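FYI, it's all coordinate maths here, none of it is from the lab. As the structure is a computational prediction, the values presented were derived from the model and not from experiment. No Cβ is skipped: glycine too gets one built from the backbone with ideal geometry, and neighbour counts run over all protein chains shown.
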Amino acid sequence: MGSGASKKRKEVKRPLGPNAEGPTLLSADVGGTSSRLTLFLATDKGRVFEMKYTNSKFDSFEDILRSFLQDAGQSRPPVLACLAVAGVVVDNTATFVNLGWTINGHKLGKECGISKVALINDFAAQGYGMLTLDRKRDCEVLQDAPPIAGAPIAVIGAGTGLGEAFLTTGQDGDYEVWPSEGGHAEFAPRQDGSSKLQFELIQYLQIKFSARSRISVERVVSGKGLANIYEFLTWKYPEKVTREVHTRFIGPPGGPRLFDPAVISIAAAKKQCALCRQAVDLWSSAYGAEAGVLALTYMPFGGLFVTGGVTSKLRDFIVGRKGHPSHFLEAFLDKGRVSPMLMRVPIYLVKGEDMGERGAMFKAQRLWLEMQSLRKHSMGNMCWETAPGSTPTGKGDSTTVVSEIEEGDGQLCDKLESVDIIT
């Protein structure tokens, strides 16, 4: 066990069964601050053990995994693991810059005695999580259009950042998830009559983030984006600032600066601050407009799912209830000549916030079925993986993929890497 084991902090411990009989699988949702791991039976998904850890208490994810396997009290390691990680996955490897971690699935499997460890992007995991939903029980219907079986599905989720993914049917006729970095595309301002407020917002954010020519949509449609919008409005309309709310947003004078978007959403819901309400309305409109762009791109007549932690907290504003109009749906449908087509897209607002965990479990079981030759090999997001032990050559049939995302203004880095595709 690594040196981080002495620093571990176990937050949630749920022993759900004795020493498991039969093969077990492991899934994990590895975020920037915490990791939740689940051990479950391969045959029926019966949960054996579950625990949540604080990442900062460990030197590496390998330390977390070793602690988890020890705490689970099982005599055998799982046969397979699927890790949903917050970041770009290239060649079954992900880097957590803030933690100083690098997780390599091939190396991790060898070190811990697990036959296969597969890494997937955390929002791709959310996409797989959509396949576990009962649409009537687990979702609210934003637009009640009949879904078309086998048609593409799209997922968009505002949380700390903005995630986007789409699903298409694969070789077995079931859905595969394809991740994207659509949240880093350019934000497109919209104009209501002669008002140029959103254009002024872009200029403000370009100065704030030292951006030469663009602002990504994630700078607006996310938790941090809501904070950015509110800051812009306080600059634009200083006479409208509610001082008590603004102090809570910034943080105490002698304490750490918070810039907490939750303060904005709460004040807007309680009608304590007109600027907070305006910020949420602008945010909802931008969110709906981006969801409409996603729908134009993929034509998801199988369903468009709206998810994410910030989405859940601003549900009333998105749905349009308790006296709040639905700026989200209004902006979604505001696409000119093709608006009638968008009226055919079923839109679902996901109620739960555990889609990443559910998706990682779902993908782990699929991979296990492939190992048993009970299912054809899934292409999906695993297509970026090179063979274990091999190195990208940059020659022959290859594709160029992004190796990292720039911190500065959300743009993709110039540094690119050629990675061979395994077909």
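Details
- Descending principal axes extents, the range 128-220, alpha-carbon based, whole Å: 49, 28, 21
- With θ taken as phi - 60° and the Karplus curve 6.51 cos²θ - 1.76 cosθ + 1.60 applied, the whole-hertz 3J(HN,Hα) list for the range 30-46 is 9, x, x, 10, 8, 10, 10, 10, 9, 10, 9, 6, 5, 7, 9, 6, x Hz, x standing for glycine and proline.
- Radius, Kirkwood style, for the range 235-310 when every pair of distinct Cα atoms is counted (Å): 14.5 Å
- Between Cys82 and Leu26, Ser27, Ala28, Ala118, the built amide H atoms are under 5 Å apart, and every one of these is 5 or more places off in sequence or on another chain.
- Anisotropy class of the range 242-283 from Cα gyration tensor, a/c 1.5 cut: prolate
- Nonlocal amide H pairs with Gln143, under 5 Å, H built at 1.01 Å: Ile347
- Just so you know, the averaged projected area of the alpha carbon convex hull for the range 164-321 sits at 11.7 nm².
- P(r) tail fraction, the range 150-199 - alpha-carbon pairs more than 18 Å apart, %: 52 percent
- Cross-link table Lys136/Lys335; Lys196/Lys236; Lys52/Lys376; Lys52/Lys116; Lys45/Lys376; Lys236/Lys351, entries beyond 24 Å C-alpha to C-alpha: Lys136/Lys335; Lys52/Lys376; Lys236/Lys351
- When the trypsin sites (Lys or Arg not before Pro) in the range 264-341 are filtered for DSSP coil states and for at most 14 other beta-carbon atoms within 10 Å of their beta-carbon, the remaining sites are Lys270, Lys271, Arg321, Lys322.
- Counted charge near Ala291, where neighbours are those whose Cβ lies closer than 12 Å (Asp, Glu -1; Lys, Arg +1): -3
- Total charge dipole magnitude, the range 17-144, about the Cα centre, Cβ charges on Lys, Arg, Asp, Glu only, Debye to nearest 20: 180 debye
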